[in-house]
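A.B. asks: Can you keep this structure in mind? I'll have questions shortly.
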Amino acid sequence: VQLQASGGGLVQPGGFLRLSCVVSGDIVSIIVEGWFRQAPGKQRELVASITSNGNTNYRDSVKGRFTISRDNAKNTVYLQMNHLKPEDTAVYYCNAKSRGQRYWGQGTLVTVSS
């Protein structure tokens, strides 16, 4: 499984970004996909996940602001991030779990600052 993330950038507080993660390889074996983030000096944390049957899960701090979705025709997982806050600043990684293993895309930097 290979993952290619994109969409990060610099945005002002209150703004929005959409991250994309193109997934390739053994796609049919994937049971869950997600977005993690890691801020400087902090541990990597799960932001949102979506299972193969469409169930979603979010960390409390992003509920109501972020939305994870999947376009199966494009083999792409999205993270729509609205009402961004400075504390959302981090490197964001897409992730997939398949056959007992976790696969990671390269990170994409999101900076929320005025």
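A.B. asks: State the extension gain, in nm to one decimal, for the chain segment bounded by Ala39 and Gln101, taking 0.36 nm per residue of separation less the distance between their alpha-carbons.
C.D. replies: Length gained between Ala39 and Gln101: 19.9 nm.
A.B. asks: Another question about this same structure. For the chain, what does the accessible surface come to per residue with a 1.4 Å probe? Please give it in Å².
C.D. replies: Value returned for the chain: 54 Å² of accessible area per residue.
A.B. asks: Now for a separate question. For an R0 of 35 angstrom, estimate the FRET efficiency from the Cβ-Cβ distance between Ser113 and Asp71 and round to the nearest 0.05.
C.D. replies: The value I calculate is 0.70.
A.B. asks: So which chymotrypsin sites (Phe, Trp or Tyr not before Pro) in the stretch 8-110 end up in coil per DSSP with only 15 or fewer other C-beta atoms within 10 Å?
C.D. replies: In loop regions of the stretch 8-110 (DSSP not H, G, I, E or B), the sparsely surrounded chymotrypsin sites (Phe, Trp or Tyr not before Pro) are Phe16.
The values are calculated or read from the model by the stated rules, or taken from the named source; none is laboratory data. Quick caveat: nothing in here was measured; it's all calculated off a predicted structure. Cβ: placed from backbone, ideal geometry, glycine included. Neighbour counts: every protein chain shown. Heavy atoms of the whole protein, side chains included, go into the accessibility calculation; ligands, DNA and RNA do not. Shrake-Rupley method; radii C 1.70, N 1.55, O 1.52, S 1.80 Å.
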